[in-house]
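Trainee: Got a structure for you, questions after.
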Amino acid sequence: MTLTASSTAPAASRGGATVGLLSDLPPLEAAAVRAMRHWFAGTEARMSLRADCVAALGPTLGRQAYETLGRFLNFCAAEGRRPLVRHGLSCNCLGADENCLANLVAAANDAAFDDAQMLASLVVSPCQAPRAATMAAKAALVLDQMARDQNSQDAAAAPHTTADTKQPANSPAFPRQILSARLH
(Lines give C-alpha, C1' and ligand atoms only; values in the text may rest on other atoms or scores of the structure.)
Protein backbone atom coordinates (compact mmCIF):
# COMPACT_ATOMS: atom_id res chain seq x y z
CA MET A 1 0.00 0.00 0.00
CA THR A 2 1.41 3.36 -1.05
CA LEU A 3 -0.25 6.45 0.40
CA THR A 4 0.27 9.93 -0.95
CA ALA A 5 -0.87 13.21 0.60
CA SER A 6 0.66 16.37 1.88
CA SER A 7 -1.10 16.16 5.20
CA THR A 8 -0.49 15.34 8.82
CA ALA A 9 -0.33 11.73 9.95
CA PRO A 10 -3.81 11.60 11.58
CA ALA A 11 -5.52 13.02 8.48
CA ALA A 12 -3.56 10.66 6.24
CA SER A 13 -4.57 7.67 8.33
CA ARG A 14 -8.25 8.68 8.15
CA GLY A 15 -8.33 9.28 4.40
CA GLY A 16 -5.88 6.57 3.48
CA ALA A 17 -7.34 3.75 5.53
CA THR A 18 -7.93 0.75 3.31
CA VAL A 19 -11.65 0.09 3.00
CA GLY A 20 -11.68 -2.35 0.10
CA LEU A 21 -10.10 -3.33 -3.18
CA LEU A 22 -10.09 -1.30 -6.37
CA SER A 23 -10.75 -4.46 -8.36
CA ASP A 24 -14.06 -4.96 -6.51
CA LEU A 25 -15.51 -1.63 -7.68
CA PRO A 26 -17.87 -1.31 -10.65
CA PRO A 27 -16.20 0.16 -13.78
CA LEU A 28 -17.39 3.75 -13.24
CA GLU A 29 -16.20 3.95 -9.65
CA ALA A 30 -12.89 2.27 -10.46
CA ALA A 31 -12.36 4.75 -13.30
CA ALA A 32 -12.98 7.64 -10.90
CA VAL A 33 -10.35 6.34 -8.48
CA ARG A 34 -7.83 5.73 -11.27
CA ALA A 35 -8.44 9.23 -12.66
CA MET A 36 -7.86 10.74 -9.22
CA ARG A 37 -4.65 8.79 -8.76
CA HIS A 38 -3.35 9.77 -12.18
CA TRP A 39 -4.34 13.42 -11.86
CA PHE A 40 -2.41 13.93 -8.63
CA ALA A 41 0.57 11.66 -9.40
CA GLY A 42 2.46 14.19 -11.52
CA THR A 43 2.84 15.33 -15.10
CA GLU A 44 3.65 11.95 -16.62
CA ALA A 45 0.62 10.29 -15.03
CA ARG A 46 -1.60 13.20 -16.09
CA MET A 47 -0.42 12.85 -19.67
CA SER A 48 -1.26 9.15 -19.49
CA LEU A 49 -4.79 10.06 -18.33
CA ARG A 50 -5.07 12.58 -21.17
CA ALA A 51 -3.94 9.96 -23.69
CA ASP A 52 -6.56 7.54 -22.33
CA CYS A 53 -9.28 10.20 -22.73
CA VAL A 54 -8.21 10.96 -26.30
CA ALA A 55 -7.92 7.26 -27.20
CA ALA A 56 -11.40 6.52 -25.87
CA LEU A 57 -13.23 9.64 -27.04
CA GLY A 58 -11.25 11.14 -29.92
CA PRO A 59 -9.10 14.28 -29.95
CA THR A 60 -11.71 16.99 -29.38
CA LEU A 61 -14.01 15.21 -26.96
CA GLY A 62 -11.03 13.55 -25.27
CA ARG A 63 -9.46 16.94 -24.56
CA GLN A 64 -12.78 18.24 -23.19
CA ALA A 65 -13.14 15.13 -21.05
CA TYR A 66 -9.63 15.52 -19.66
CA GLU A 67 -10.32 19.17 -18.81
CA THR A 68 -13.64 18.26 -17.17
CA LEU A 69 -11.95 15.66 -14.98
CA GLY A 70 -9.20 18.13 -14.13
CA ARG A 71 -11.65 20.87 -13.12
CA PHE A 72 -13.51 18.45 -10.85
CA LEU A 73 -10.40 17.00 -9.21
CA ASN A 74 -8.71 20.39 -8.81
CA PHE A 75 -11.91 21.75 -7.25
CA CYS A 76 -11.97 18.87 -4.76
CA ALA A 77 -8.34 19.54 -3.88
CA ALA A 78 -8.70 23.34 -3.65
CA GLU A 79 -11.96 23.30 -1.69
CA GLY A 80 -11.20 20.15 0.27
CA ARG A 81 -11.85 19.89 3.97
CA ARG A 82 -8.34 18.48 4.18
CA PRO A 83 -5.88 17.12 1.61
CA LEU A 84 -7.25 14.08 -0.22
CA VAL A 85 -5.29 10.91 0.39
CA ARG A 86 -4.78 8.42 -2.40
CA HIS A 87 -3.01 5.13 -2.83
CA GLY A 88 -0.30 4.56 -5.45
CA LEU A 89 -1.05 4.18 -9.15
CA SER A 90 -0.58 0.41 -9.16
CA CYS A 91 -2.01 -0.27 -5.70
CA ASN A 92 -5.13 -2.47 -5.63
CA CYS A 93 -6.15 -1.16 -2.17
CA LEU A 94 -9.03 1.29 -2.02
CA GLY A 95 -8.59 4.14 0.43
CA ALA A 96 -11.37 5.87 2.37
CA ASP A 97 -11.01 9.16 0.46
CA GLU A 98 -10.90 7.31 -2.85
CA ASN A 99 -14.03 5.37 -1.92
CA CYS A 100 -15.84 8.57 -0.96
CA LEU A 101 -14.92 10.18 -4.30
CA ALA A 102 -15.99 7.05 -6.19
CA ASN A 103 -19.36 7.01 -4.41
CA LEU A 104 -19.81 10.73 -5.09
CA VAL A 105 -19.27 10.17 -8.82
CA ALA A 106 -21.61 7.15 -8.82
CA ALA A 107 -24.39 9.04 -7.01
CA ALA A 108 -24.03 11.98 -9.39
CA ASN A 109 -24.13 9.61 -12.36
CA ASP A 110 -27.35 8.06 -11.03
CA ALA A 111 -28.89 11.56 -10.68
CA ALA A 112 -29.13 11.04 -6.91
CA PHE A 113 -28.28 14.69 -6.35
CA ASP A 114 -29.09 14.77 -2.61
CA ASP A 115 -26.82 11.78 -2.01
CA ALA A 116 -24.14 13.30 -4.23
CA GLN A 117 -24.25 16.54 -2.23
CA MET A 118 -24.03 14.65 1.05
CA LEU A 119 -21.02 12.68 -0.19
CA ALA A 120 -19.48 15.86 -1.61
CA SER A 121 -19.73 17.47 1.83
CA LEU A 122 -17.33 14.80 3.09
CA VAL A 123 -14.77 15.89 0.49
CA VAL A 124 -15.26 19.67 0.26
CA SER A 125 -16.73 22.27 2.60
CA PRO A 126 -20.51 21.88 2.89
CA CYS A 127 -21.18 25.23 1.21
CA GLN A 128 -19.29 23.95 -1.87
CA ALA A 129 -21.05 20.56 -1.93
CA PRO A 130 -23.71 21.50 -4.53
CA ARG A 131 -21.03 22.72 -6.93
CA ALA A 132 -18.90 19.62 -6.33
CA ALA A 133 -21.92 17.38 -6.96
CA THR A 134 -22.63 19.17 -10.25
CA MET A 135 -19.00 18.83 -11.31
CA ALA A 136 -19.06 15.16 -10.29
CA ALA A 137 -22.03 14.61 -12.61
CA LYS A 138 -20.03 15.99 -15.53
CA ALA A 139 -17.01 13.90 -14.58
CA ALA A 140 -19.30 10.86 -14.32
CA LEU A 141 -20.48 11.37 -17.91
CA VAL A 142 -16.87 11.27 -19.07
CA LEU A 143 -15.85 8.31 -16.95
CA ASP A 144 -18.99 6.36 -17.81
CA GLN A 145 -18.42 6.85 -21.54
CA MET A 146 -14.79 5.77 -21.20
CA ALA A 147 -15.82 2.69 -19.19
CA ARG A 148 -18.45 1.81 -21.81
CA ASP A 149 -15.91 2.23 -24.61
CA GLN A 150 -13.49 -0.02 -22.71
CA ASN A 151 -16.21 -2.64 -22.18
CA SER A 152 -17.05 -2.51 -25.90
CA GLN A 153 -13.40 -3.01 -26.80
CA ASP A 154 -13.07 -5.85 -24.31
CA ALA A 155 -16.23 -7.50 -25.66
CA ALA A 156 -14.96 -7.22 -29.23
CA ALA A 157 -11.64 -8.76 -28.26
CA ALA A 158 -13.24 -11.61 -26.31
CA PRO A 159 -16.92 -12.04 -27.26
CA HIS A 160 -17.29 -15.10 -25.05
CA THR A 161 -16.80 -12.94 -21.92
CA THR A 162 -19.62 -10.48 -22.68
CA ALA A 163 -21.86 -12.02 -20.03
CA ASP A 164 -19.13 -11.47 -17.44
CA THR A 165 -18.97 -7.70 -17.93
CA LYS A 166 -20.81 -5.41 -15.56
CA GLN A 167 -22.09 -3.38 -18.53
CA PRO A 168 -25.35 -4.77 -19.93
CA ALA A 169 -24.91 -6.07 -23.47
CA ASN A 170 -27.91 -4.09 -24.73
CA SER A 171 -26.85 -0.80 -23.11
CA PRO A 172 -25.66 1.55 -25.85
CA ALA A 173 -22.82 3.97 -25.33
CA PHE A 174 -23.87 7.51 -24.52
CA PRO A 175 -24.09 9.43 -27.81
CA ARG A 176 -20.95 11.52 -28.14
CA GLN A 177 -22.83 14.56 -29.42
CA ILE A 178 -24.87 14.62 -26.20
CA LEU A 179 -21.75 14.04 -24.11
CA SER A 180 -19.99 16.96 -25.79
CA ALA A 181 -22.96 19.26 -25.19
CA ARG A 182 -23.20 18.29 -21.51
CA LEU A 183 -19.52 18.93 -20.80
CA HIS A 184 -19.98 22.64 -21.39
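The values are calculated or read from the model by the stated rules, or taken from the named source; none is laboratory data. Everything quoted here is computed from the prediction, not taken from an experiment.
Trainee: With Ala120, Ala147, Ala106 as the choices, which residue is among the small types (Gly, Ala, Ser), in a helix (DSSP H, G or I) and farther than 22 Å from Ala56 by Cα?
Mentor: Ala120
Trainee: Here's another thing I want to ask about it. I'd like to check which helices (runs of 4 or more DSSP H) are fully inside the stretch 1-57 and have at least 1 residues that are of a type outside the set (Phe, Trp, Tyr), at pLDDT 95 or above and on the phi < 0 side of the Ramachandran plot.
Mentor: Ranges flagged: 27-39, 43-57.
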